[in-house]
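Engineer: Mind having a look at this structure? Questions to follow.
The values are calculated or read from the model by the stated rules, or taken from the named source; none is laboratory data. Values in this document were obtained by computation on a predicted structure and should not be read as measured data. When we count neighbours, we look across all protein chains shown, and the Cβ atoms used for this are built from the backbone with ideal geometry, even at glycine. Heads up: the accessible areas ignore ligands, DNA and RNA and are worked out on the full protein's heavy atoms, side chains in. Shrake-Rupley method; radii C 1.70, N 1.55, O 1.52, S 1.80 Å.
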Amino acid sequence: YTSTTPGENEFLGYHLISEIDGGAFGTVYKGTDASGMPIAIKLLKSENFRRPGFHRSFRRGANSLRILSERDVPGVVKFIDAAEIPPS
């Protein structure tokens, strides 16, 4: 449900440019917001949607990042937003 192909790369108001990396939970994409500011977007891998506990763990990770970002912990990327459908 995602693409980095120009014209097909809009995702929740952001533009996906390229895939950066991935792990057990999700795939990270390089993107831009509406103003052109560079961002990173992490999406839960579709094969993990039905795996018990993965969605909950992904949500906890996003919430942890939000808390660390709000407290301006050095070295932590700024948290902007999270979405439930699709988990990102």
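Engineer: Pairs needed: first member in the stretch 40-56, more than 27 Å from Val76 (Cα to Cα) and in contact (Cβ under 8 Å) with a residue 40 or more places away in the chain; second member anywhere, exposed (fewer than 12 other Cβ atoms within 10 Å of the Cβ) and of a type outside the set (A, V, I, L, M); C-beta distance under 8 Å; at least 6 residues apart or different chains.
Structural biologist: Taking only residues 6 or more apart or on different chains, not a single pair turns up.
Engineer: May I ask you to verify whether Asn63 is open to solvent by less than 50 Å² (accessible area, probe 1.4 Å) and either out of contact with any helix residue (DSSP H, G or I) (no Cβ under 7 Å at 6 or more places or on another chain) or of a type outside the set (Phe, Trp, Tyr) (or both)?
Structural biologist: In short, no.
Engineer: Scan (1) basic (Lys, Arg); (2) in contact with a Gly (Cβ under 8 Å, 6 or more places away or on another chain); (3) exposed (fewer than 12 other Cβ atoms within 10 Å of the Cβ) for the single condition Lys42 breaks and write down its number.
Structural biologist: Only one criterion is unmet by Lys42, namely (3).
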